[in-house]
Amino acid sequence: MSEYSPNTEIRLLKRPVGKSAPGDFGLFDTAILEPGENQVLVKVRWLSIDTYLHERAVGSAMGPIVPLGT
């Protein structure tokens, strides 16, 4: 693997009101660096947001909320 590989991140830009909408998220290209010692690199092909993760994005979950921009 080269020193730089393209990576697309999906980040939460604003708290969803009701159902999540495309405008609640943003796409960002970032670098993937070589994994360090005792690290692995995992490629995610499919990502799903279940009810618990949606509640964390909205801020109504029992656990910590997802910070904006992450």
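The values are calculated or read from the model by the stated rules, or taken from the named source; none is laboratory data. Everything numeric in this text was worked out from a predicted model, so none of it was measured. Every residue, glycine as well, gets a Cβ built from its backbone with ideal geometry; the counts of neighbours run over all protein chains shown. What goes into the accessible areas is simple: the full protein's heavy atoms, side chains included, and nothing from ligands, DNA or RNA. Shrake-Rupley method; radii C 1.70, N 1.55, O 1.52, S 1.80 Å.
Some points to look at:
- Screening Leu33 against (1) in contact with a His (Cβ under 8 Å, 6 or more places away or on another chain); (2) open to solvent by 80 Å² or more (accessible area, probe 1.4 Å) leaves a single unmet condition, (1).
- Count - residues of the range 45-54 that are part of a helix (DSSP H, G or I), of a type outside the set (A, V, I, L, M) and either surrounded by fewer than 13 Cβ atoms within 10 Å (Cβ to Cβ) or under 11 Å from the mean Cα position of the chain (by Cα) (or both): 2
- Selection count where residues are within 24 Å of Pro6 (Cα to Cα), aromatic (Phe, Trp, Tyr) and out of contact with any strand residue (DSSP E or B) (no Cβ under 8 Å at 6 or more places or on another chain), scope the range 20-67: 1
- Residue identified as without any contact (Cβ under 8 Å) to a residue 60 or more places away in the chain, surrounded by 12 or more Cβ atoms within 10 Å (Cβ to Cβ) and part of a loop (DSSP other than H, G, I, E, B) among Val42, Val17, Val66: Val66
- Considering (1) modelled with pLDDT under 90; (2) assigned to a loop (DSSP other than H, G, I, E, B); (3) open to solvent by less than 60 Å² (accessible area, probe 1.4 Å), the lone condition that Ala57 does not fulfil carries the number (2).
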